[in-house]
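**Q** Quick one: the structure is below, and I'll ask about it shortly.
The values are calculated or read from the model by the stated rules, or taken from the named source; none is laboratory data. Note that the coordinates shown come from a computational prediction; the quantities given were computed from them, not determined experimentally. All Cβ positions, glycine included, derive from the backbone under ideal geometry; neighbour counts span all protein chains shown. Calculation scope for accessible area: heavy atoms of the full protein, side chains included, ligands and nucleic acids excluded. Shrake-Rupley method; radii C 1.70, N 1.55, O 1.52, S 1.80 Å.
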Amino acid sequence: MSSVAERLQLPLPRPNVLDLAPLYEVLRREAPVAPVTTPAGDPAWLVTRYDEVRTLLSDKRFGRSHPEPERASRVSTAAVQDGPTGNYETEEADHARMRRLLTPAFSAKRMRMLTDHVQELVNGYLDQLIAERESGDVVDLHSGLAFPLPVAVICQLLGVPESDREHFHSLSSRMATLAADDDPHRAREEFNSYMTGLAESKRDDLGEDVISDLVRAQDEDETYDYGEMIRLCVGLLFAGHETTVNRIGLGVLFLLTQPEHWKALTADPSGRVNRTVEEIMRLGAPGDLGLLRYAHTDVEIGDVTIRRGEAVILSVNAANRDETAYADAEAFDPDREERTHLGFGHGAHFCIGASLARTELRIVFETLAQRLPDLRLAREMDELEVRPTITGGVTSLPVTW
């Protein structure tokens with residue numbers, strides 16, 4: 001076995017928030033299924049090549065549950081996406097029910113309602129940033145737009161009252177933290193308690209939101225409990241909030257560090273925004289790990305045998321930069337010939353909130369290009385601090401114009 005396939009310690013160090021560790025290229029070429037040790041100290045397999053990641057994302061021999069959860073490898077010390085979830089015996093049926101329950105939340109009607117709301121929010125946040133810029137040279141696009149926008153949108157979708165939203169996004173950040181001085185699992189308990197109380201409060205006043213949909217489903221099916229509802233909400237929270245926060249920040253960095261692409265977008269915002277967003281989804285790499293799966297039976301992949309119960313980390317970040325799948329794969333190029341990226345997953349687990357994420361990103365980048373065509377970074381890349389969460393990103397994004 002190649003020397004690069006000796007058990008590696010995750011996360012692999014990356015040079016900056018936009019680039020991945022150079023070792024990923026070596027792994028894709030020499031050991032696309034490699035033994036690693038997770039940040040939590042447990043063994044796993046890391047999959048880095050596009051074809052293998054895409055195949056395994058839809059392989060029913062892998063799942064998020066584990067036959068013996070107490071013995072499962074853990075990925076991190078965070079309270080989300082850290083280990084097995086769901087029931088091993090019923091995972092496939094539970095997933096099908098989850099998709100059925102959540103489909104109404106992403107209907108064309110709901111998306112049309114949210115589109116107008118997202119545009120109003122983006123305009124409002126930019127109004128505030130423009131006013132703030134008048135009294136100083138630099139504003140923070142992270143705290144002023146990239147962070148609050150997805151929080152407001154996911155809270156609107158879930159049905160979280162506006163008065164609770166600061167508390168809500170505080171809990172979400174604490175659950176995802178990797179900082180040693182915080183307790184993400186305590187935050188998860190508080191989040192569970194909050195969501196249970198919110199669901200109960202909606203029972204007599206159901207609305208057009210996800211939590212109301214789930215309460216209706218529980219009334220129709222007594223086997224559907226609050227625990228499952230909370231797992232769904234946590235999944236939506238991180239798929240529709242944390243990753244979108246980071247994709248906004250990373251997209252701005254890609255565009256402003258390569259001014260020719262920003263100039264092209266500002267010259268034709270509506271015509272170029274779709275391809276720009278898809279390239280941000282492909283190349284933007286929030287977090288340093290990947291999607292966690294467990295083998296439900298022994299599986300052979302090439303010359304590697306993954307045993308039942310072993311953990312597999314599917315590195316979508318690395319797969320989306322595979323030179324065998326994309327020409328000049330490391331380059332940010334909205335004009336590249338389109339090929340399906342894995343930023344939203346693939347197969348049965350394709351992100352149900354993809355339409356919402358695309359809506360937010362398109363509105364953000366089209367509006368930024370229209371209203372702030374002279375936008376530029378106010379700090380060097382090496383001055384930006386990475387967020388200490390499982391999804392990464394930057395803690396601030398100083399800009400000016």
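**Q** Since Thr85 meets every condition but one in (1) modelled with pLDDT under 95; (2) among the polar types (S, T, N, Q); (3) loosely packed, with under 14 Cβ neighbours inside 10 Å, which condition does it not meet?
**A** Evaluating Thr85 over (1) modelled with pLDDT under 95; (2) among the polar types (S, T, N, Q); (3) loosely packed, with under 14 Cβ neighbours inside 10 Å leaves (3) as the failure.
**Q** Here's a follow-up. Run down Arg28, Arg97, Arg64 and say which single residue is of a type in the set (Lys, Arg) and within 14 Å of Ala318 (Cα to Cα).
**A** Values: Arg97 fails: within 14 Å of Ala318 (Cα to Cα); Arg64 fails: within 14 Å of Ala318 (Cα to Cα).
Sole residue among the options that is of a type in the set (Lys, Arg) and within 14 Å of Ala318 (Cα to Cα): Arg28.
**Q** Which condition does Ile313 not pass, out of (1) hydrophobic (A, V, I, L, M, F, W, C); (2) under 21 Å from the mean Cα position of the chain (by Cα); (3) closer than 23 Å to Pro15 by Cα; (4) open to solvent by 40 Å² or more (accessible area, probe 1.4 Å), if it passes all the others?
**A** If we test Ile313 against (1) hydrophobic (A, V, I, L, M, F, W, C); (2) under 21 Å from the mean Cα position of the chain (by Cα); (3) closer than 23 Å to Pro15 by Cα; (4) open to solvent by 40 Å² or more (accessible area, probe 1.4 Å), just (4) comes out false.
**Q** Right, next: Among the residues of region 245-253, is any open to solvent by 10 Å² or more (accessible area, probe 1.4 Å), in a helix (DSSP H, G or I), modelled with pLDDT under 85 and within 30 Å of Ser76 (Cβ to Cβ)? Steps first, please.
**A** So the first thing to find is which residues in region 245-253 are open to solvent by 10 Å² or more (accessible area, probe 1.4 Å), and the list is 247.
Filter once more, keeping what is in a helix (DSSP H, G or I): 247.
Pick out the ones that are also modelled with pLDDT under 85 and you get none.
Checking region 245-253: not a single residue is open to solvent by 10 Å² or more (accessible area, probe 1.4 Å), in a helix (DSSP H, G or I), modelled with pLDDT under 85 and within 30 Å of Ser76 (Cβ to Cβ).
**Q** Go through region 264-296 and report how many residues are assigned to a loop (DSSP other than H, G, I, E, B) and either among the small types (Gly, Ala, Ser) or open to solvent by 60 Å² or more (accessible area, probe 1.4 Å) (or both).
**A** 5
**Q** Of the numbered conditions (1) part of a helix (DSSP H, G or I); (2) open to solvent by 70 Å² or more (accessible area, probe 1.4 Å); (3) among the charged types (D, E, K, R); (4) modelled with pLDDT of 95 or more, Asp382 satisfies every one except a single condition; which is it?
**A** The failed condition is (4).
**Q** Select from region 53-63 the residues that are in contact with a strand residue (DSSP E or B) (Cβ under 8 Å, 6 or more places away or on another chain) and farther than 29 Å from Pro13 by Cβ and write down the one among them that is most open to solvent (accessible area, probe 1.4 Å). Explain how you work it out, then say what you get.
**A** Kept after step one, since they are in contact with a strand residue (DSSP E or B) (Cβ under 8 Å, 6 or more places away or on another chain), are these residues of region 53-63: 53, 56-57, 59, 61-63.
Imposing the further condition that a residue be farther than 29 Å from Pro13 by Cβ reduces the set to 59, 61, 63.
Working: Asp59: 25, Arg61: 105, Gly63: 3 Å².
Checked region 53-63; the qualifying residue most open to solvent (accessible area, probe 1.4 Å) is Arg61.
**Q** Next question, about the same structure. Which helices (runs of 4 or more DSSP H) does region 64-177 wholly contain that include 3 or more residues that are of a type in the set (Val, Ile, Thr)? Show your work before the answer.
**A** On the way: elements: 91-102, 108-133, 148-158, 165-176.
Helices (runs of 4 or more DSSP H) meeting the threshold: 108-133, 148-158.
**Q** Of everything in region 209-233 that's at pLDDT below 85 and in a loop (DSSP other than H, G, I, E, B), which residue is least open to solvent (accessible area, probe 1.4 Å)?
**A** In this case the residue turns out to be Tyr224.
**Q** So how many residues does region 326-378 have that are open to solvent by less than 30 Å² (accessible area, probe 1.4 Å), over 23 Å from the mean Cα position of the chain (by Cα) and within 29 Å of Met113 (Cα to Cα)?
**A** The number of residues fulfilling the criteria is 2.
**Q** Could you list, in sequence order, the residues of region 114-136 that are open to solvent by 90 Å² or more (accessible area, probe 1.4 Å) and touching a helix residue (DSSP H, G or I) at 6+ places or on another chain (Cβ under 9 Å)? Spell out how you get there, then give the answer.
**A** Taking region 114-136 first, the residues open to solvent by 90 Å² or more (accessible area, probe 1.4 Å) are 116, 120, 128, 132, 134-135.
The answer is Gln128, Glu132.
**Q** Among what's in region 158-190 and is open to solvent by less than 10 Å² (accessible area, probe 1.4 Å) and within 25 Å of Glu208 (Cβ to Cβ), pick the residue that is nearest to the chain's Cα centre (by Cα).
**A** Within region 158-190, the match that is nearest to the chain's Cα centre (by Cα) is Ser172.
Table: residues versus (1) crowded, with 22+ Cβ neighbours inside 10 Å; (2) modelled with pLDDT of 95 or more; (3) under 19 Å from Glu92 (Cα atoms).
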| position | (1), (2), (3) |
| --- | --- |
| Leu23 | no, yes, no |
| Leu27 | yes, yes, no |
| Ala31 | yes, yes, no |
| Pro35 | no, yes, no |
| Pro39 | no, no, no |
| Thr48 | yes, yes, no |
| Asp51 | no, yes, no |
| Ser65 | no, no, yes |
| Ser76 | yes, no, no |
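**Q** Can you run down the residue pairs with Cβ atoms below 7 Å, 6 or more apart or on separate chains, where the first is in region 258-273 and free of Cβ contacts under 8 Å to residues at least 60 places away in the same chain and the partner is surrounded by fewer than 19 Cβ atoms within 10 Å (Cβ to Cβ) and among the basic types (Lys, Arg)?
**A** none
**Q** Let me ask something else about it. Out of the residues in region 191-208 that are out of contact with any helix residue (DSSP H, G or I) (no Cβ under 6 Å at 6 or more places or on another chain) and under 27 Å from Val75 (Cβ atoms), which is most open to solvent (accessible area, probe 1.4 Å)?
**A** Ser193
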